[in-house]
Ligand code: 2RA
């Protein structure tokens with residue numbers, strides 16, 4: 001098994017390296033690719049120093065079985081054929097192909113069966129906000145069909161990549177020194193602030209990030225669920241949180257929901273108001289699961305349930321989900 005990481009110098013690329021090592025992913029060889037700027041950089045994987053090759057239109061992907069790509073949508077579009085032409089399966093973290101009808105959009109806890117049909121040899125990894133939402137929704141959908149979802153996100157700086165995290169870190173230091181914080185990555189100062197704006201606005205007044213939650217959730221769940229999202233950037237380093245309200249076809253009790261979350265794959269329930277236990281980004285960063293807490297009835301709707309989720313955006317929201325897709329495909333005999 002030969003694996004390639006494309007975009008290894010970015011935040012998600014670096015996370016691919018640590019997730020593959022942490023999980024002892026079954027492979028014989030790892031090759032690293034990056035932009036001309038990161039070509040020549042060296043990274044250590046399992047004690048071995050690997051040098052980043054420049055991504056180019058050549059035959060470098062001959063012999064590669066799985067390419068984990070996270071180099072932005074335009075690079076993914078430009079290099080799709082170069083990466084897949086010799087048979088490599090491209091598991092792509094960008095938004096380039098997510099809504100293409102001939103590309104499955106996969107969260108292994110929800111729709112692994114979609115991996116069986118990959119006419120373009122491409123599988124898309126969903127947006128981070130969608131991943132944690134659908135892992136939680138699936139547990140409820142198994143009890144009763146979800147008709148609608150309202151969700152408000154609290155998205156960490158990591159969603160904007162390594163430079164987003166760096167900007168938040170620098171702003172905190174600048175403020176502590178009494179200097180004016182430098183703003184370049186985000187639309188406004190993020191430290192000591194929240195910004196109700198992630199990605200660009202679309203014509204209907206929702207942002208692209210909010211529309212991703214609508215479209216991707218429906219594609220992955222394979223249902224007619226209605227989704228209305230408000231996506232907000234918060235001064236947190238690397239785990240996204242979401243407050244979610246669902247309306248189901250029949251009323252679901254808190255006990256039923258808790259039992260469903262407790263037995264669902266990929267979920268850890270932390271929900272004990274008497275001891276102030278609930279998921280928080282500070283403690284979820286670096287963890288694999290989607291954490292669920294604050295589970296309660298929606299007081300405005302007898303068929304409504306509300307809960308709070310937190311998940312590491314760089315890990316389950318990006319690199320880990322892609323690696324889990326690859327693991328599923330190996331286990332299911334879809335990659336030989
Ligand atoms: C963000 N969801 O948090 C985006 C990253 N994919 O900015």
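Taking residues in the stretch 279-305 that are within 18 Å of residue 107 (Cβ to Cβ), and partners anywhere that are part of a loop (DSSP other than H, G, I, E, B), the pairs with Cβ atoms closer than 8 Å and at least 6 places apart or on different chains are 288/266; 289/266; 290/266; 291/270; 291/279; 292/270; 292/271; 292/279. Only residues that are in contact with a helix residue (DSSP H, G or I) (Cβ under 6 Å, 6 or more places away or on another chain) and either surrounded by fewer than 19 Cβ atoms within 10 Å (Cβ to Cβ) or within 30 Å of residue 111 (Cα to Cα) (or both) were counted in the stretch 190-201, giving 3.
For the stretch 112-133, a residue qualifies if it is within 16 Å of the ligand (Cβ to nearest atom) and touching a residue at least 60 places away in the same chain (Cβ under 8 Å), and the qualifying residues are 125, 126, 127, 128, 129, 130, 131, 132, 133. The set of residues from the stretch 77-103 being part of a loop (DSSP other than H, G, I, E, B) and within 17 Å of residue 329 (Cα to Cα) comprises 87, 88, 93, 103. Could you tell me whether the stretch 155-166 includes any residue that is within 16 Å of the ligand (Cβ to nearest atom) and assigned to a loop (DSSP other than H, G, I, E, B)? Yes: one or more hits.
Residues that are buried (at least 22 other Cβ atoms within 10 Å of the Cβ) and part of a loop (DSSP other than H, G, I, E, B) within the stretch 111-131 comprise 125, 126, 127, listed in sequence order.
I'd like to check something: does the stretch 69-85 contain any residue that is surrounded by fewer than 22 Cβ atoms within 10 Å (Cβ to Cβ), touching a helix residue (DSSP H, G or I) at 6+ places or on another chain (Cβ under 9 Å) and not assigned by TED's automatic domain parsing to the domain that holds residue 142? No, the stretch 69-85 has no match at all. Condition check: more than 16 Å from the ligand (Cβ to nearest atom), within 18 Å of residue 212 (Cα to Cα) and either touching a helix residue (DSSP H, G or I) at 6+ places or on another chain (Cβ under 9 Å) or assigned by TED's automatic domain parsing to the domain that holds residue 72 (or both). Does residue 136 satisfy that? Judged against the criteria, residue 136 is a match.
Reported count of residues in the stretch 215-242, each being more than 16 Å from the ligand (Cβ to nearest atom) and in a strand (DSSP E or B), is 2.
The values are calculated or read from the model by the stated rules, or taken from the named source; none is laboratory data. Source: prediction; values computed, not measured. Every residue, glycine among them, receives a Cβ derived from its backbone with ideal geometry; neighbour counts consider all protein chains shown.
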